[in-house]
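Chemist: Below you will find the structure I want to go over with you.
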Amino acid sequence: MTQQPVRVVIVGGGFGGLYAAKALAGKPVEVTLVDRKNHHTFQPLLYQVATGVLSPGEIASPLRRILHRGRNTEVLLGEVEGFDMEGRRVKLRGGAELPYDYLIVAAGARHSYFGHEEWAADAPGLKTVEDALEIRRRVLLAFEHAEREAILTGKHQPLVFAVIGGGPTGVELAGAIADIARRAMAQDFKAIDTASARVILFEGAPHILGVYPEALSLKGERQLRELGVEVRTNSLVSAVEDGRIKVGEEWIAASVTLWATGVAASPLGKLLGAPVDRAGRVLVAPDLSLPGHPNVFALGDMAFLKDADGQIVPGLGAAATQQGKDTAANILRDLRGEARVPFRYRDKGSMATIGRNRAVALIGKLQFSGLVAWSLWAFVHVFLLIGFRNRLMTMVEWIWAYFTRERSARLITDLADPTDPTDPKGERPL
């Protein structure tokens, strides 16, 4: 009688799920990776799609293409709705079920508006390619509406871009928008002065880039100000409405508002039946398995863990990548009858880019800023992109943008009513 192969189901094609699948390729298991999207997105570069530097295809690759060499690996396009932990089955939308011997749940995170989900319509966040395209559309339309108004009436409402959240994503968005307004678009618009657009970054804490040492945070703030970004720390946003935000008791007009703070784990975490923290992250065992379910693992932004060294594992792509690889290794140890190894995060540093020749980087105890940090950031991110074509095309686009200050992906592809700047999705193309 032929023994049934060990079945590993992976939910999520982000860093954790993808690298678990890659590590299990060619091993004595059957792997099924399930995701709602057919592609893996390199999230650290999403803001470059949002600001017109790169196109989506340059930071995303089809999952099937990435995993095509794994003869024991299949990709299933579908949405997970729940789990039968006792029956060891994954429930898919539409009623189908997937049996498993091991389950890896790495469904990532979503935006958290701290109980104000109604803000999402007026302040989109940045987690997916679709988010990036929506932000790009809103930013570009703001300039187009101002130009139209100036041509037709001789004046226009002030352009104000409000970015809420002073972490790496907020800093990168604010710096890129300021650079676009002052450099890339300066020659394209005739009736408006794009350089007069205000970019305001709001951060509730005393410093931006709070995960970095204070000295590096201050250097990042100085570089932002050099680009013309107004940095407002100790500024909690208490309300978001169409065309304006409230900070303290002050209402501030905003042509475009972007959300770059607050993260909540995928709601799938709560369906696993394990304890979760306030952000919805599953409290996992040292080997990333669920308490009481050693054959089920939660990874990446979905998991809360103090690793073998006692440090809280950050919600970074690098951490999720390591978790995916280490979880695959522990599954293979099980099959060999060996003891599992607790997860230990290897901190290889963190970086945030601010603009042309501007960035901050922390690698071990070494701190870098300015051109050196920007060069390190560019090298690392091109190296980590999956697929030769992605690396080559991204490098070509960056070189082009660096020397010409042009953005090649400044396209508005969605429908909008050009006569109504408050209606982001009208019936007529611009």
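Chemist: Treating only the Cβ of Lys, Arg, Asp and Glu as charged (+1, +1, -1, -1), what charge dipole size does the chain show about its Cα centre? Round to the nearest 20 debye. Write out the running numbers ahead of the final one.
Modeler: Values: 51 positive and 48 negative charges, 290 e Å.
Dipole size: approximately 1400 debye.
Chemist: Something else: What relative contact order, as a whole-number percentage, does the chain give when Cα pairs under 8 Å and 6 or more residues apart are counted?
Modeler: Details: 892 pairs, mean separation 79.6, N = 430.
Computed value for the chain: 19 percent relative contact order.
Chemist: For the Cα atoms of the chain, what angle does the longest principal axis make with the long axis of helix 214-226, in degrees from 0 to 90, nearest 10?
Modeler: 40 degrees
Chemist: Hey, another quick one. Modelled label-to-label distance, Arg344 and Leu271, 7 Å Cα→beta-carbon offset: nm?
Modeler: Result for the modelled spin labels: 3.6 nm.
Chemist: Something else now. Over 28 Å between C-alpha atoms is what I'm after, so list which of Lys27/Lys127; Lys27/Lys91; Lys127/Lys219; Lys27/Lys365 land there.
Modeler: Values: Lys27/Lys127 32 Å; Lys27/Lys91 25 Å; Lys127/Lys219 26 Å; Lys27/Lys365 38 Å.
Over 28 Å Cα-Cα: Lys27/Lys127; Lys27/Lys365.
Chemist: Would you mind putting 232-240, 9-17, 48-56 in packing order, based on average other-beta-carbon counts within 10 Å, highest first? Each step should come with its number before you reach the end.
Modeler: Numbers: 232-240: 16.0, 9-17: 28.4, 48-56: 23.7.
Those peptides, ordered most packed to least, come out 9-17, 48-56, 232-240.
Chemist: For helix 15-24, report the angle its Cα long axis makes with the longest principal axis of the Cα atoms of the chain; keep it between 0 and 90° and round to the nearest 10°.
Modeler: 30 degrees
Chemist: Take the alpha carbon atoms of the range 242-301, find their center, do the same for the range 37-70, and report the distance between the two centers in whole angstrom.
Modeler: Distance between centres, Cα-based: 22 Å.
Chemist: Next question. Any idea which of Phe202, Val139, Ala328 is furthest toward the positive side of the dipole for the chain, if Lys and Arg beta-carbons carry +1 and Asp and Glu beta-carbons -1?
Modeler: Ala328
Chemist: Can you give the local net charge around Leu63? Use residues other than it whose beta-carbon is closer than 9 angstrom to its beta-carbon, Lys and Arg +1, Asp and Glu -1.
Modeler: With Lys, Arg at +1 and Asp, Glu at -1, the neighbours total +2.
Chemist: Which angle from 0 to 90°, rounded to the nearest 10, does the C-alpha axis of helix 168-179 make with the longest principal axis of the chain?
Modeler: Once rounded, one gets 30 degrees.
Chemist: Bins of 5 Å, beginning at zero and ending with the bin holding the largest distance: percent of Cα pairs per bin for the range 118-261, please.
Modeler: 2, 10, 20, 22, 20, 15, 8, 3, 1, 0
Chemist: Okay, moving on. So, by mean Cβ neighbours within 10 angstrom, what's the order for 79-86, 201-208 with the highest one leading? Don't skip to the answer; put the middle values down first.
Modeler: Working: 79-86: 14.9, 201-208: 20.8.
Ranked by mean Cβ neighbours within 10 Å, highest first: 201-208, 79-86.
Chemist: Where a Cα-Cα gap under 13 Å defines reach, which aspartates and glutamates qualify for Lys325, not counting those fewer than 8 residues away within the same chain?
Modeler: Asp287
Chemist: Give the lysines whose C-alpha is closer than 28 Å to that of Lys155, dropping any in the same chain fewer than 8 places away, or say none.
Modeler: Lys190, Lys246, Lys425
Coordinate-derived values only; no laboratory data. The shown structure was predicted, so the numbers you read here are calculated from the model rather than taken from an experiment. Positions of Cβ are generated from backbone atoms using ideal geometry, with glycine treated the same way; all protein chains shown enter the neighbour counts.
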